[in-house]
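Down below is the structure, laid out as structure tokens.
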Amino acid sequence: MADVLAQGTEIETRFLRGLTIDPKFHPRAQPYISAASGLVCAYGRAYVISDDEHHIAVFSDHDSLGELYRIVPDNLPAGKQARKLRKPDFEILLRLPDRTVHGGGLVALGSGSRRNRQKGVFIPLDEQGVPSNRVRMFDLAPLYRPLRTILGEINVEGALVIDDELLLLNRGVGHRSDNAMARYRRADLGELIEGKRSDIEPIELRRYNLGAIDGIGLGFTDGAAVPGGGWVFTAVAENTNDSFKDGPCAGAAVGWVDAKGALHAVHPLKPPLKAEGIDIQVVDNAMWICLVTDSDDPGQCSRMWLAQP
């Protein structure tokens, strides 16, 4: 791992729980979430989006089975390849603060890596943080079309809200596209959800070199705001030159970008988890990094991990 950028000391992670659910509520009778791709920690809960499901999963503690909440009608095919072709590829879950769109809630975003992956869903939360079934679907094409013009191929895998701004993180793939942060007004997302916007150009677009693990470039997989300014991200070194096809994972990392957008550090994770979702929790003045993983194998349960920077 000597070719990882940064002050690259390893960050050790601690297993917290498997993302287990009651199989009788899963459309394929699966007793777990197997492709966790986005994470929000709020209201004493962990909300997880999976890139090949039409539900979000909500976990209320370290042990209890998670609950599924449907966000898209109908079910995906049971076969892995057929499901991959049809899935909305929800790679992002973020929380909109209260007093924004419809009083705040969660937003799931497709990756845009294919034309059928440009769907967004707004999920209202009640005062206790319970998801409502009155979801609102919206089109991401006005957001992704200008981004695709700038970057060529896109694969948006992370997003975060900082104050009045929305940041999207594009995952670079081989020599075909770059790791990049696109910055927008938070109000742009609200107007997109309401269907009031045509093409939305980013206020700023910044490319990043995240380094590599064993010669395989790291690519963004998620991001989260840091209290006091700046943001953290997860990145994985996946051996593929195609945003549609999976490849072997050589390792993963967590990095930090300051409030001015400068990359300060990229730290390999130990063990080398394929981390695809990240959020930050502050408990008793200590900051914890929460992670969820995707093994790219429907036969394996996704897991939640903790680390301290």
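The values are calculated or read from the model by the stated rules, or taken from the named source; none is laboratory data. Only a predicted model underlies this, so the values are computations on that prediction, with no experimental measurement involved. Note: ideal-geometry Cβ built from the backbone for every residue, glycine included; neighbour counts use all protein chains shown.
If the condition is being out of contact with any Leu (no Cβ under 6 Å at 6 or more places or on another chain) and over 22 Å from ARG114 (Cβ atoms), then segment 136-160 contributes only ARG136.
Taking every residue in segment 169-189 that is under 17 Å from TYR208 (Cα atoms) and pairing it with any residue that is of a type in the set (Ser, Thr, Tyr) and assigned to a strand (DSSP E or B), at least 6 positions away or on another chain, the pairs with Cβ-Cβ distances below 8 Å are ARG171/THR221; ASP178/TYR208; ASN179/TYR208; ALA180/TYR208; MET181/TYR208. Say we look at segment 196-225 and pick out the residues that are farther than 15 Å from ASP178 by Cα and basic (Lys, Arg); which of these is modelled with the lowest pLDDT? Restricting to residues being farther than 15 Å from ASP178 by Cα and basic (Lys, Arg), the top hit is ARG197.
Here PRO142 qualifies as in a helix (DSSP H, G or I), touching a helix residue (DSSP H, G or I) at 6+ places or on another chain (Cβ under 7 Å) and within 15 Å of ILE200 (Cα to Cα). All of GLY38, GLY104, GLY18, GLY110 fail the test of being in contact with a Cys (Cβ under 6 Å, 6 or more places away or on another chain) and either without any contact (Cβ under 8 Å) to a residue 24 or more places away in the chain or surrounded by 14 or more Cβ atoms within 10 Å (Cβ to Cβ) (or both), apart from GLY18. ASN239 satisfies every condition listed in (1) in contact with a strand residue (DSSP E or B) (Cβ under 6 Å, 6 or more places away or on another chain); (2) within 20 Å of ALA275 (Cα to Cα); (3) buried (at least 20 other Cβ atoms within 10 Å of the Cβ); (4) not β-branched (Val, Ile, Thr) except (3).
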